[in-house]
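Below is one structure, written out as structure tokens, with a few remarks after it.
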Amino acid sequence: MINIAMNNRTRLRQLPTLNSSPTASSSFATRGDKTPQLRRKALACSIVAALAGSFIPFAHAQNGVEDDSIQSIFVSGKRRAYQGNFDELENPTSVQLIDEELLQEVGALNLNEALDLSASVARQNNFGGLWNSFSIRGFSGDINLPSGFLVNGFNAGRGFGGPRDISGIESVEVLKGPRSALFGRGEPGGTVNITTKRPQFEKSGDVRATAGRWNQLRLEGDLQTTLGAEDQVGVRLVGFHENSDSFRETVETQRFGFYPSVTIDVSNDTSLTYELELTQQEIPFDRGAAYSSEFGFTPRETFAGEPGDGPIETDVLGHQFELQHNLSDSWSVLAGLGYRETTFEGNASEANFGGRQTYFTDGQTLSRFFRYRDYESDYTVLRAELAGQFETGLLSHRLIMGADYDRFDNAMLIKRFRPGWFGAGNDISGLDPAAYLFLDVNNPVYGAYPQPVPGPNTDRREKLSGTGVYVQDQISIGERLQIRLGARFDDFDQDLTNLRATPATTNTTSDSRVSPQIGAVYLVNDGLSAFASYGEGFRQQTGSDFNGSQHDPNLTESAEFGFKWDVANNFSDLAGTVTLAFFQVDQSNILVNDNRPEATAAGFFSRSAGEARSRGVELDASVSTANDVNIWFSYAYTNAEFTNSNPDADFGALIEAGDHLINSPENQLSLQVSKGFVAASKPLQLGAGMLYTDERVGWTGFDFSLPSYRTARLFAEIEVTQDFSLRVDFDNVFDETFYTNSYADVWVEPGTPRRWRLSASYAF
């Protein structure tokens, strides 16, 4: 158990601490198969009902109007995978911690909105909210697929289960730069790690109801209790349900999630945790707006699909098991198992490209094609890790070593109907409206044509598996200097089966990689450190070349240096961190179009030949004052560009050296400020935020850019009683028209107009 002293000033948000280690103390508190929907809801309700009696008799302690006395709060000290016992000043890499209080303060509802807080992260194409997709320091993985991320150290971001809801998230860490030396195969620009809400061995609960613009209705619950004669079993039930319309015509969303977890303290040294992830989402496939240099954007409210196509249904069923055991005061072991199933199915009418698109001709008529998708994925992760510290002579060592295995099985079935090309001089009035699925973007009439019958397009099954071993040693040399040395060896395989071939064909390939890491930290004084690091990483790529062989993995080299400052060391009435970092990231083996004669003769294929570089500077600050002012500031300048010339992998357009990477702004800024007050003896918090995103390329290989934008938000929350609070949020206060990301000029995601939300929460 860890004794953490907490300042009990009247406020709605706690002060941040520099030390992100779960075993550290501070004078400030940490800011801290397709199951039917009805069956899932019934399961959730039955569990809640069974345990409700355990919660109701217990009152949840709330901050009222009190003095500045100091309380002691005891929390369980659980270690997280791949992370040792390091103060943030001792970490030679850049890390951003977005904790629960900040997530609540900004009103984030999903992971994409949470990552908007980090200027190092930019949104990528997510097809209208069908999954999480982002880049870090300019680099993303495959813009056609969800981005990979970690959940409690497990690789869990692959698959097609929809965007991760914020209700079950305790915090989000943005781990910048390649992390393959520990985490293994991951996104090239960095890693996002989600920490979920787990039992805290208390009896408490809260429920929140939210109503907002476009008929948004959302209900969330978070219940905790303990079981057993000595309260050695902690149980936590987290869930949400949301229905909402949209500013996009006819677009409706239904979402449901249930995240129960159980932790058993088997002994003083051993604990076992189990978590379930059960989510379902129904939302239409929404490619967004179309753009023409002559006619501009289509109306941002016009849905370019067909309501009659129905929604895309996504389902997730996931399990995590984790065992922790303390061998001694200095050594511990951690073992885990994760398994996650996702499904993605539905129809979609989508805007055509180029010589199939009539909007370029008259600025009114949109041409579309039709697709049916059925995706299924299974993801299995195993890991075991030993961590501890020891001394050799005058040197102190903090060691992490372990091994892991993961396997990703992905089945993709796509059927497609697409009309033919037409010449630039053709009179579009001579085209068959039903064949081109015409839609008047200014006066859309849906259901005007029969749904096309799609033909075979893709039918494949891919299996990616890998085994890795890793070691990291952080060596203290005297009181000021620390050196980090790490390396990881990975052996991985790919089986790619083409089920459209007669008979079906399977190609099997394998590869191995060593990922080194080196870093240094110099503690200038108790509140300031200088750091530098270098690391190499890789990312497995899906698909194959024209020979049927696996693509070579993305390779990444990253170097950074900077400074970290604990402001409390210099100011007694402040707490928080400031990080300044300079970085360079080089990536190779980016997929490009294979325009070699032997490849073009066989069709349209990709090869690993592209190269790119990202350089920039980041300034991140999270500071709280003694009079309840909280400031979050994140700025990044990122110059991410291709360094060689190649045809684009998706369209074959020429990428020239010096072209910027898609959806990667040079300048990005996130600012959030809040202040606590006492109004009529009631705790009140007011806050405002601003997000600025620079102009950026919207279509690789083409002269198309998305305009810069800035949005503002306001919120207010008041504790009406010790148990009951009200909150109001206003997003995009000035109703700016903006576009967050794109894939091409006819697939551009418009930002949400001005909206409001009113929430009421009750704690017990």
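Each reported figure results from applying straightforward, stated rules to the coordinates on display, with no laboratory input. Everything quoted here is computed from the prediction, not taken from an experiment. Neighbour counts are summed over all protein chains in view; Cβ atoms, including those assigned to glycine, are modelled from backbone coordinates with ideal geometry.
Quick notes on this one:
- Charge dipole magnitude, Cβ of K and R +1, D and E -1 - the chain, Cα centre, debye nearest 20: 620
- For Ile475, the shell of other residues with beta-carbons less than 12 Å away shows a net charge of -1, using +1 for Lys and Arg and -1 for Asp and Glu.
- Packing here is the average count of other Cβ atoms within 10 Å per residue, and on that basis the peptides 198-208, 518-528, 94-104, highest first, run 94-104, 198-208, 518-528.
- Pairs of lysines in the chain (C-alpha under 22 Å apart; 8 or more residues apart or interchain): 7
- Residue exposure sequence - Asp165, Asp362, Asp729 - by fewest surrounding Cβ within 10 Å: Asp362, Asp729, Asp165
- For Leu437, net neighbour charge (Lys/Arg +1, Asp/Glu -1) across residues whose Cβ lies under 9 Å away: 0
- When Rg and Dmax are taken over the Cα atoms of segment 472-543, they come to 21.2, 69 Å.
- Net charge of Cβ neighbours under 10 Å - reference Asn525; Lys, Arg +1; Asp, Glu -1: -1
- Two numbers describe the Cα atoms of segment 123-183: Rg and Dmax, which are 11.7, 34 Å.
- Extent along the principal axes, Cα only, for segment 612-720: 65, 23, 17 Å, with the longest axis given first.
- Listing Glu376, Glu749, Glu230 from fewest to most neighbouring C-beta atoms within 10 Å gives Glu230, Glu376, Glu749.
- Over segment 307-402, equivalent-ellipsoid semi-axes from the Cα gyration tensor in Å: 55, 20, 9
- Part-to-part distance (alpha-carbon centres) for segment 156-177 and segment 530-594, which is given in Å: 18
- Least to most buried among Val445, Val174, Val235 (fewest other Cβ within 10 Å first): Val445, Val235, Val174
- Amide proton proximity set for Asn352, modelled H, under 5 Å, gap of 5+: Ser367, Arg368, Phe369
- For segment 652-723, with +1 on Lys and Arg beta carbons and -1 on Asp and Glu, the positive-most of Tyr692, Leu671, Leu654 along the dipole: Leu671
- Which label in [x] 164; [y] 232; [z] 155 gives the computed volume of the Cα convex hull per residue in Å³: [z]
- Here is the size of segment 342-494 from its Cα atoms: Rg then Dmax, 28.0, 86 Å.
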